Every structure is written in structure tokens, then in C-alpha cells.
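**Q** Have a look at this one.
Here, each number is a calculation from the coordinates, and none is a lab measurement. Source: prediction; values computed, not measured. Here Cβ is always computed from backbone atoms with ideal geometry, including for glycine, and neighbour counts include all displayed protein chains.
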Amino acid sequence: MGETLRNFGTWFKDHMIPNEIMRRFTIQLLLALDYAHDHGVIHTAFDTSTDPWTIQSQPLKWDYIRNGANLLEFDIALGDWGVACWTDSHLSELIQPVALRAPEVLIKAPWGPAADLWNLGAVVLEVFRAVRMFSGRGPPNGDYEVRFHLHEIVDLFGPFPRSFLQRGDQELVNEHFDTEGRIKGLPPLERPGLESEEFLEKLDGENKRKFAMFLRSLMKIDPEERKSTMELLAEPWLDAVVASDSDS
């Protein structure tokens, strides 16, 4: 079909896709998810990692450029449907690439289409700014642990709401969370916020603010609080639809 978004990002300086192009791609991804969700399908597996057992696509950059393509007119397709499931019939309860798992999956709470939105937010940041939001790795050996992953989420998005934690596996919740919805026994990470250069390097001030707002709307810890597709498309960073009077 052509380049993956991971490969496409390498066309640009520092592997960072320009803002207007990333906006277009994100709008198309949201619309693709909206179509799937309307038909009772959950994607479950956004990722940008490379699988060594697949045939790699060949770089097409020079073919596009030779033909005078306008990058702002590029369209993308949402692929990797091999582990998708039905809204009312899950094939597995453990979904998504590990570092991109939604909070509801991590705490073993019921999950649905909104899990795709969390996953999308983490992937969009990685494709756009070439940085991963979460690793789930910590001392002493840098191995992945769920508690480190949950701690990173709290660091960026605040404590887990008690009403949400009550829907999770209570043994896991009681093991990892204190009464304030933070992770037991781990000091604050004190990383810079989403608006920092660490996460949004070389993005100008206004777009940095708008993109961070978009991620916060997309990645609410409680999936019931995540915005609808139309609400997300109306976010200032995308500005793809105008809210109707009935929505205001």
C-alpha cells in the first residue's frame, strides 16, 4: 500500500512530521476508528514497532517527489486489523502493545471502543514528535512492570479516579494504588509536562498548547470521560468540524 507512518516520518528533519500533515493524518485515523466503532469493531492494536516476520515495504519517497506530489494531499489507511474484535465479543481481554495499553486494560477493568482512543493518542505523539509517552520500565534492571507503567500515567494525567478503580481487578488495585489513586511506594517522577520540549520538541507555542490539549481530551484515564469522535475533531488542534448549537 505504500509507506507506513513510521517510515514516512523519516522523510523529515529529526523524523518529525510537520504539523499540518500530522493534523490531516490524525483526522483520517479518527474517522477510520469512528467507522469501525459504528460497526461494532474495536481495532485494539495501534503500534509503530516493526515486526521482523513481515515483508518490509520499500521506501517510496522519491517516487512521490518525482511525481510532484503535494504532501498535504496524502491520504492514509488504517491497517493491522489481525487482532481486532467485536464490541460484544472480545477475542482476548489482554489487548494492545504493552507500552500503549489503556488504563482500563492495565487494571483489568471492562474495556470497549474507547480503548482505541487512548492507544491512538500515544501513537500519534510517537509518530508526530518521535518520542514515546510510556515505557513501563524502572529500577533496578529497567524491566517492564505494570506499576511503573501506571506510575508514568499518573505522572502525566493525574491520579486514577476512585470510581474508575472500583471497576478494576481489586487485588491488582489494592496492590498498586493508595487511597489517593497514586502508586504505592514510588516517589513522584517529576518529569516535565506534556507541553514541555521533552515531549513536544520543536513545536511552536500555540500548536504545542493545542496538541497537548488534544492529547488530554483523547487520553482521559477513565474511558467514560473520553470525548466522542466529533468532539475530538472539534478540538482546536484539529479544528475539523464546527460544533452545532445543540452541542454547546
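**Q** Could you tally the net charge around residue 167, taking each other residue with its Cβ under 12 Å from the Cβ of residue 167, Lys/Arg +1 and Asp/Glu -1? Kindly include the intermediate steps, with their values, before the conclusion.
**A** Numbers: positive: 108, 162; negative: 104, 169, 222, 224.
For residues surrounding residue 167, the net value is -2.
**Q** Take the Cβ-Cβ distance between residue 94 and residue 74 as r, set R0 to 45 Å, and report the resulting FRET efficiency rounded to the nearest 0.05.
**A** Approximately 0.85, to the nearest 0.05.
**Q** Can you list the lysines whose alpha carbon is less than 27 Å from that of residue 202, not counting same-chain residues fewer than 8 positions off?
**A** Here the lysines satisfying the reach criterion relative to residue 202 are 13, 61, 210, 220.
**Q** Can you list residues from other chains, or at least 5 along the same chain, whose modelled amide H is less than 5 Å from the amide H of residue 138?
**A** Distant-sequence amide H within range of residue 138: 143, 145.
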